[in-house]
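**Q** This is the structure I want to talk about, given as structure tokens.
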Amino acid sequence: MYDTLEARIKERTQELNDANEVLRQEVADRRKAEEALMRSKAQAELYVDIMGHDISNMNQAIMGYLEMATDTTGPDGTEKEYLARSIELIRKSSRLIDNVKKLQRINAGDIPAQKVDLGQMLSQLAGKYEGLKDREITINCSCATGCTVMGNLLLEDAFANIIDNAIKHSRGPLTVNIRLDQIQADSRDYCQVAIDDNGPGLPDEMKRKLVREIESDEIKADRRGIGLYLVKTLVGRLGGRMWIEDRVAGDHTKGSKFLVELPVS
């Protein structure tokens with residue numbers, strides 16, 4: 001009788017343990033689902049913030065400049081200045097819309113993966129900046145072919161965003177250096193891309209704040225990092241990482257350096 005009672009207790013105890021394990025798994029699954037929902041909500045709010053804030057403001061400014069250009073009759077070249085500003089705002093608006101569409105595609109996972117020779121891609125990208133009329137921009141690319149990663153059609157846009165960011169936040173002549181190396185880290189081979197510029201650079205606190213916002217998905221539409229948020233999102237989806245350093249260690253005024261690592265394929 002004692003043996004029978006003990007067997008029943010063990011059986012019930014095992015049943016309770018099994019039930020508790022099922023409950024713990026259900027709680028863990030629900031927590032994951034809630035976290036995924038919160039991330040999706042944050043991303044949706046980001047898109048709404050972008051569409052509702054920046055694009056609306058840009059379009060209003062465009063209309064204002066165009067109206068002033070229409071009303072101006074003087075021959076002093078003011079009309080051209082207004083029109084030039086309008087065109088630049090339209091370009092910014094178009095880039096912003098384009099970035100939002102790319103973010104949506106990245107997060108939806110509807111971009112097919114393909115092997116990409118980073119050296120070939122970066123060399124072609126550097127060539128697209130030759131002969132810019134508005135600025136004296138020099139792009140130096142030390143990018144040998146052969147370092148291949150699993151990427152997609154938006155990978156070139158990610159690196160273009162880093163270069164565009166350097167151009168947008170600087171004045172006068174600018175030199176951008178692109179270097180590609182194959183390295184080993186954590187027993188894996190990576191293609192490391194370093195893009196540095198001799199612009200005004202980013203103070204340490206601004207770098208930390210920018211990286212913190214990008215990493216926590218808290219980047220806002222009216223801040224500097226929407227293009228870098230796109231870079232971080234895409235690179236992360238491809239199993240890589242991105243970070244920011246000073247071009248000259250310890251002196252942020254000499255320019256910035258953006259580094260991206262992607263697993264060799």
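The values are calculated or read from the model by the stated rules, or taken from the named source; none is laboratory data. As the structure is a computational prediction, the values presented were derived from the model and not from experiment. Backbone-built Cβ (ideal geometry, glycine too); neighbour counts: all protein chains shown.
**Q** Under 6 Å between Cβ atoms, which residue pairs at least 6 apart in sequence (or on different chains) link something in the stretch 151-175 that is closer than 16 Å to ASN99 by Cβ with a partner that is of a type in the set (Gly, Ala, Ser) and not in a loop (DSSP other than H, G, I, E, B)?
**A** What qualifies is ASN161/GLY227; ASN165/GLY227.
**Q** Which residue pairs have Cβ atoms under 6 Å apart, sit 6 or more places apart or on different chains, and have a first residue in the stretch 191-203 that is within 14 Å of CYS147 (Cα to Cα) and a second that is surrounded by fewer than 17 Cβ atoms within 10 Å (Cβ to Cβ) and of a type in the set (Asp, Glu)?
**A** From residues that are within 14 Å of CYS147 (Cα to Cα), the pairs are GLN192/ASP181.
**Q** Among ALA28, ALA44, ALA33, which is modelled with pLDDT under 70 and within 30 Å of GLY109 (Cα to Cα)?
**A** Exactly one residue qualifies, and that residue is ALA44.
**Q** Taking the stretch 177-190 as the search range and keeping residues that are without any contact (Cβ under 8 Å) to a residue 40 or more places away in the chain and of a type outside the set (Ser, Thr, Tyr), which one is farthest from ALA160 (Cα to Cα)? Talk me through it step by step, then tell me what you get.
**A** Start the filter on the stretch 177-190 by keeping residues that are without any contact (Cβ under 8 Å) to a residue 40 or more places away in the chain, which leaves 177, 179, 181, 184, 186-187.
Checking the rest, the ones that are also of a type outside the set (Ser, Thr, Tyr) come to 177, 179, 181, 184, 186.
Values: ASN177: 13, ARG179: 14, ASP181: 18, GLN184: 25, ASP186: 28 Å.
Among residues in the stretch 177-190 that are without any contact (Cβ under 8 Å) to a residue 40 or more places away in the chain and of a type outside the set (Ser, Thr, Tyr), the one farthest from ALA160 (Cα to Cα) is ASP186.
**Q** While we're looking at this one, here's another question. Are any residues in the stretch 143-198 farther than 20 Å from TYR229 by Cα, of a type in the set (Gly, Ala, Ser) and either assigned to a loop (DSSP other than H, G, I, E, B) or within 15 Å of the chain's Cα centre (by Cα) (or both), and if so, which ones?
**A** Of everything in the stretch 143-198, those that are farther than 20 Å from TYR229 by Cα, of a type in the set (Gly, Ala, Ser) and either assigned to a loop (DSSP other than H, G, I, E, B) or within 15 Å of the chain's Cα centre (by Cα) (or both) turn out to be ALA144, GLY146, GLY172, SER187.
**Q** Taking the stretch 248-265, which residues are in a strand (DSSP E or B) and over 22 Å from CYS147 (Cβ atoms)?
**A** Looking only at the stretch 248-265, we keep the residues that are in a strand (DSSP E or B), and these are 248, 251-264.
Within the stretch 248-265, VAL248, ASP251, HIS252, THR253, LYS254, GLY255, SER256 meet the criteria.
**Q** What are the pairs, 6+ residues apart or on separate chains, where a residue within the stretch 84-97 that is part of a helix (DSSP H, G or I) has its Cβ under 9 Å from a residue that is surrounded by fewer than 17 Cβ atoms within 10 Å (Cβ to Cβ) and of a type outside the set (A, V, I, L, M)?
**A** Matching pairs, first to second residue: SER86/GLY64; LEU89/ASN59; ILE90/ASN59; LYS92/LYS168; SER93/ASN59; ARG95/ASP164.
**Q** Which one of these is over 20 Å from LEU259 (Cα atoms) and in the same structural domain as LEU174 (by TED's automatic domain parsing): LYS101, LYS133? Let's see the steps before the verdict.
**A** On the way: LYS101 fails: in the same structural domain as LEU174 (by TED's automatic domain parsing).
Answer to the selection: LYS133.
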